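One structure is given here, and the rest of the page talks about it.
No value in this document is a laboratory result; all are computed from the given coordinates. Keep in mind it's a predicted model, so treat the numbers as computed, not measured. Here Cβ is always computed from backbone atoms with ideal geometry, including for glycine, and neighbour counts include all displayed protein chains.
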């Protein structure tokens, strides 16, 4: 990843993947029972949206340290999302066949987040 090609947070692969993950979460939660609209559906969507939002917000901050802090917040939201998805499988809101691809997206975003955090932390040393 060359820095010159990054003009905006929208150019970051991690942000793009996080947006795709959020989109997937909206799609799969449309299949959830209506009575979950204020429960699990809302929780999953909120956590999913928080990931790219925190990546973007961190990118817009003044210092590298603030940026890294927002990336850690995004990472926390990702773990929260994974937990909600796993619970949705356990309580029978959706099958693992439907949700496993979304969990795989979570893994991918998590790896990209970690790479970006490490790269930024190494720059400040």
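What the table shows:
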| read-out | value |
| --- | --- |
| Residue order, fewest to most beta carbons within 10 Å, for 83, 29 | 83, 29 |
| Alpha-carbon centroids, segment 102-125 and segment 10-40: separation in whole Å | 19 Å |
| Computed lengthening from residue 38 to residue 119, 0.36 nm per intervening residue step minus Cα-Cα distance | 25.4 nm |
| Of 44, 98, 55, the one that fluctuates the most in a GNM where the chain has Cα springs shorter than 10 Å | 98 |
| Expected 222 nm ellipticity per residue - DSSP helices of 4 or more, -39500 (n - 2.57), all of the chain, to 500 | -26000 deg cm²/dmol |
| Nearest-ten-degree value, helix 96-123 long axis tilted from longest Cα axis of the chain | 20 degrees |
| Cα→Cβ-extended label distance, 7 Å offset, between residue 103 and residue 8, nm | 3.5 nm |
| Estimated FRET transfer efficiency when R0 is 22 angstrom, pair residue 26-residue 69 (beta carbons, to 0.05) | 0.25 |
| Among 39, 65, 110, residue whose mean-square fluctuation peaks in a GNM of the chain (springs only between Cα atoms under 10 Å) | 39 |
| On Cα atoms only, tilt of 40-59 relative to the major axis of the chain in degrees | 10 degrees |
| Gaussian network model of the chain, springs between alpha carbon atoms under 10 Å - residue of 17, 57, 35 with greatest fluctuation | 35 |
